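Notes for the one structure printed next.
The values are calculated or read from the model by the stated rules, or taken from the named source; none is laboratory data. Just so it is clear, the structure is predicted and the values come from calculations on it, not from any experiment. Glycine also receives a Cβ, built like all others from the backbone with ideal geometry; neighbour counts cover every protein chain displayed. Keep in mind that these areas ignore ligands, DNA and RNA; they rest on the heavy atoms of the full protein, side chains included. Shrake-Rupley method; radii C 1.70, N 1.55, O 1.52, S 1.80 Å.
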Amino acid sequence: MRIFLIGYMGSGKSKLAKALSEELSYELIDTDNQIEAHIGQTVSQIFDSKGEDHFRNLETKILSGLSEKDNIVVATGGGLPCFNNNIETINKGGTSFYLCHKTQNLTDRLFLGNEDRPLIIKYKDRTSLHPFIKINLKRREKYYFQANFILNGDQTIDSLVADVLWFKNQIGQ
Ligand code: S3P
């Protein structure tokens, strides 16, 4: 089985992927980390030196390589499902879970986070970050909602893991 976690930046995909990989003894894959290891640059450096389109093509390449693996849990970059028909590739190759949050919640989570995220680096306060997320999330939701299952992201990791295991059981995997 291949489990893909999709959702906006800051939605908790990496944490949940780690917990699931431990629970299921699946290999943990983080597409941002894979790209960084492959290219030898951070995501921000790739955005700066080669631009976003180049980064999106790298994401698509990494995604297509995953079809050769099994028993994996994949934390995808927040934009990955929204470009190059990647959501179709995801749903053909595995089972997808959308870690769904409201704009306000994402704003709070991202504002607290100190990770390196080139798309939001310029929004230095909640008042400017909130409208960006609102518009960007709205655009992306049409891809995110194509996930096989929707998870309420505003839960503890333990209950998110329990939800994924329940859905997994429902589809007989
Ligand atoms: C992005 C999300 C990031 C990373 C890049 C672009 C996006 O991953 O891929 O900064 O477009 O939403 P996370 O969702 O892990 O932050």
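Condition first: in contact with a Gly (Cβ under 6 Å, 6 or more places away or on another chain), within 21 Å of PHE55 (Cβ to Cβ) and open to solvent by less than 90 Å² (accessible area, probe 1.4 Å). Can you find one or more residues in the range 103-111 that meet it?
Yes, the conditions are met somewhere in the range 103-111.
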Here is a list: ASP158, ASP163. Which entry is touching a Leu at 6+ places or on another chain (Cβ under 8 Å), at pLDDT 95 or above and within 15 Å of ALA17 (Cα to Cα)? ASP163
Quick check on the range 70-79. Is at least one of its residues open to solvent by less than 70 Å² (accessible area, probe 1.4 Å), within 11 Å of the ligand (Cβ to nearest atom) and touching a Pro at 6+ places or on another chain (Cβ under 9 Å)? no
Is one or more of the residues making up the range 39-61 in contact with a strand residue (DSSP E or B) (Cβ under 9 Å, 6 or more places away or on another chain) and either away from the ligand (no atom under 13 Å from the Cβ) or among the aliphatic types (A, V, I, L, M) (or both)? no
Just checking, how many residues over the range 112-137 are touching a His at 6+ places or on another chain (Cβ under 9 Å) and within 24 Å of SER159 (Cβ to Cβ)? 1
Suppose we keep only residues that are touching a residue at least 12 places away in the same chain (Cβ under 8 Å) and not polar (S, T, N, Q) within the range 53-69. Which one would you say is surrounded by the fewest Cβ atoms within 10 Å (Cβ to Cβ)? LYS69
Those residues of the range 84-105 which are basic (Lys, Arg) and under 16 Å from VAL73 (Cα atoms), in sequence order: LYS92
Taking the range 138-163 and keeping residues more than 20 Å from ASN85 (Cβ to Cβ), in contact with a helix residue (DSSP H, G or I) (Cβ under 7 Å, 6 or more places away or on another chain) and assigned to a helix (DSSP H, G or I) leaves ILE157, LEU160, VAL161
Check PHE132, PHE167 and return the single one that is without any contact (Cβ under 8 Å) to a residue 40 or more places away in the chain and of a type in the set (A, V, I, L, M, F, W, C). PHE132
